[in-house]
Amino acid sequence: MKGIFPVERFQSIRTPFYYYDTELLRKTLRTINEEAGKHDNFVVHYAVKANANPAILRIIREAGLGVDCVSGGEIEAAIKAGFKPSGIVYAGVGKSDWEINLSLDNNIFCFNVESLAELEVINELAAEKGKKARVAFRINPNVGAHTHANITTGLAENKFGIAMRDMIPVIRKAEKMENVEFIGLHFHIGSQILDMGDFIALCNRINELQEELEREHIKVENINVGGGLGIDYEHPNRVPVPDFKSFFDTYSRHLHLLPGQKLHFELGRSVVAQCGSLITRTLYIKQGEVKKFVIVDAGMTDLIRPALYQAYHKIENITSEDAKETYDIVGPICESSDVFAKQIELNATKRGDLIALRSAGAYGEIMASQYNCRQLPKGYTTEDLNII
Ligand SMILES: *Cc1c(COP(=O)(O)O)cnc(C)c1O
């Protein structure tokens with residue numbers, strides 16, 4: 001074992017694969033429950049889209065979190081993993097009829113509705129079933145987050161949510177509909193947010209909206225502030241558990257909840273990112289004209305974040321202790337963007353060495369594709385490898 005990885009055990013497993021440290025996942029979940037539990041009325045959902053590996057879902061369900069889904073497939077995966085439909089919230093700008101019907105049939109807790117057009121369809125489909133759908137409106141708070149442009153969602157220019165000026169009219173419309181019940185407001189400003197100031201800006205905006213609603217005598221039972229808490233990609237060992245204390249305390253301090261209101265969170269990345277690593281084997285060392293390449297057997301099909309968002313993952317050679325050298329780490333896919341890192345230092349690397357791409361538990365395995373007719377990577381937990 002070098003560092004945190006059961007390297008000996010890895011040797012017999014076909015690469016590339018995801019490895020999930022379930023001890024760290026459980027510790028993360030305990031921290032979430034402890035910190036959220038200090039505040040009355042906080043309800044935490046797990047955003048399934050970050051990682052829907054059944055073993056991961058089971059552990060998160062055991063910790064008692066609800067779920068946030070963004071598709072019918074995720075609702076099916078959550079129910080299959082044993083989550084109660086009464087703890088499911090469902091967001092998404094483009095819900096299909098079958099997805100709405102599936103949600104109605106399962107009596108999920110709430111639809112996070114993103115347009116008037118969608119509200120009308122939910123009302124119609126619920127009427128056909130003689131049901132009343134609980135709805136929250138996702139409001140676009142026009143709050144920017146200091147994160148990668150591709151993962152901000154709360155600006156007026158983004159496709160998500162309902163504009164603030166339409167909030168009251170759309171609530172009034174819902175009140176007149178027979179088959180929907182208005183139960184709350186929903187927000188989600190982006191992902192990988194580390195600056196608590198961004199969440200404070202959201203709190204301030206919600207406080208303003210709440211005042212507006214009070215003036216109109218509109219009651220709101222649930223406020224859902226989405227997810228977005230970031231993780232430390234640079235220091236997965238030093239900061240394995242994100243700062244949930246600051247996160248929840250920030251909301252507690254800055255968001256003025258009214259008596260009886262529940263505050264919901266939808267955390268994805270911060271729950272699962274640090275517990276996962278993509279393990280890949282070195283195929284070749286190639287001396288290019290100006291640089292040295294480590295060609296590994298994982299590619300952008302297994303972990304697309306570097307190609308898609310120029311995301312940084314810490315990369316380690318977990319089978320070499322030799323002096324560091326400088327390499328580009330690249331995959332086998334026929335795309336120039338199939339590069340995990342450029343000009344990084346690794347312990348001197350040779351064919352057969354195992355390489356770990358750290359902090360890959362969120363938006364990793366779930367985003368894998370079969371491009372180039374590749375097999376999807378498997379995911380193994382600590383328990384799967386029988387090492388605890
Ligand atoms: C993606 C998403 C989340 C989770 O975001 P993280 O940054 O992974 O915490 C929460 N809510 C909604 C609506 C989302 O789309």
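In the stretch 313-377, the alpha-carbon atoms span a convex hull of 103 Å³ per residue. Can you compute log10 of I(q)/I(0) for the stretch 238-289 with the Debye formula, treating each Cα as one identical point scatterer, at q = 0.27 Å⁻¹? At q = 0.27 Å⁻¹ the computed log10 ratios are -1.13.
When both bridge partners sit in the chain, DSSP labels roughly 40% of those beta bridges antiparallel.
Fewest neighbouring Cβ atoms within 10 Å first, the residues TYR251, TYR46, TYR20 line up as TYR251, TYR20, TYR46.
Which longest run of the chain has no exposed loop site in it, a site being trypsin sites (Lys or Arg not before Pro) in a DSSP loop with at most 16 other beta carbons within 10 Å, and the site itself not part of the run?
Segment 39-128 is the longest.
Annotation: amide H of SER359 within the under-5 Å range of GLY276, sequence separation 5 or more or interchain, hydrogens built in the peptide plane.
Near VAL180, the amide H atoms lying under 5 Å from its own belong to ALA133; only residues 5 or more places off or on other chains count, and H is placed 1.01 Å from N. Near ALA341, the amide H atoms lying under 5 Å from its own belong to ILE329; only residues 5 or more places off or on other chains count, and H is placed 1.01 Å from N.
Taking a ≥ b ≥ c as the square roots of the Cα gyration tensor eigenvalues, with a/c under 1.5 meaning rounded and otherwise prolate when a/b beats b/c, else oblate, which class fits the stretch 177-219? Cα axes put the stretch 177-219 in the oblate bin. In the chain, the longest principal axis of the Cα atoms and the axis of helix 167-176 are about 60 degrees apart. Let me know the shape class of the stretch 348-388, please: from the alpha-carbon gyration tensor, a ≥ b ≥ c as square roots of the eigenvalues, rounded when a/c is under 1.5, otherwise prolate if a/b is greater than b/c, or oblate. Taking the square roots of the gyration eigenvalues as a ≥ b ≥ c, the stretch 348-388 is oblate. Between the residues GLN370, ILE122, ILE285, the greatest Cα displacement towards the positive end of the dipole of the chain, with unit charges on the Cβ of Lys, Arg, Asp and Glu, is found for ILE285. Judged by the gyration tensor of its Cα atoms, with axes a ≥ b ≥ c, the stretch 248-350 is prolate; a/c meets the 1.5 cut and a/b is the larger of a/b and b/c. Computed over the stretch 22-273, the quotient of the alpha carbon radius of gyration and 2.2 N^0.38 Å is 0.96.
For the stretch 42-55, backbone phi angles converted through the Karplus equation (6.51, -1.76, 1.60; θ = phi - 60°) give residue-by-residue couplings of 8, 10, 10, 10, 9, 7, 4, 5, 5, 5, 10, 4, x, 5 Hz, Gly and Pro being listed as x. More than 26 Å apart: what percent of Cα pairs in the stretch 1-130 qualify? Tail fraction, whole percent: 37.
Converting phi to 3J(HN,Hα) with the Karplus coefficients 6.51, -1.76 and 1.60 and the offset θ = phi - 60°, the stretch 117-130 yields 4, 5, 4, 5, 5, 4, 4, 5, 5, 5, 4, 4, 9, x Hz in sequence order, with x at every glycine or proline. GNM on the chain, alpha-carbon springs under 10 angstrom: the most fluctuating residue among ALA47, ALA348, ALA133 is ALA348. Hey, if you put +1 on the Cβ of every Lys and Arg and -1 on every Asp and Glu Cβ in the chain, which of PHE111, ASN222, ASN53 ends up farthest toward the positive end of that dipole? Farthest along the dipole direction, towards plus: ASN53. Cβ crowding within 10 Å ranks CYS373, CYS334, CYS275 as CYS373, CYS334, CYS275, fewest other Cβ atoms first. The distance between label points at ASN237 and SER336 comes to 3.6 nm (points 7 Å beyond Cα on the Cα→Cβ vector).
Per residue of the chain, the DSSP helices (runs of n ≥ 4 H) give a summed -39500 (n - 2.57) that works out to -8500 deg cm²/dmol at 222 nm. Summary of the geometry: the stretch 10-73 and the stretch 213-281, compared by the centres of their Cα atoms, lie 13 Å apart.
The numbers here are math on the coordinates, done by the rules we state, and not lab data. Fair warning: this is a prediction, and the values are worked out from it, not measured in the lab. Because the Cβ atoms are built from the backbone with ideal geometry, glycine has one as well, and the counts that use them run over all protein chains shown.
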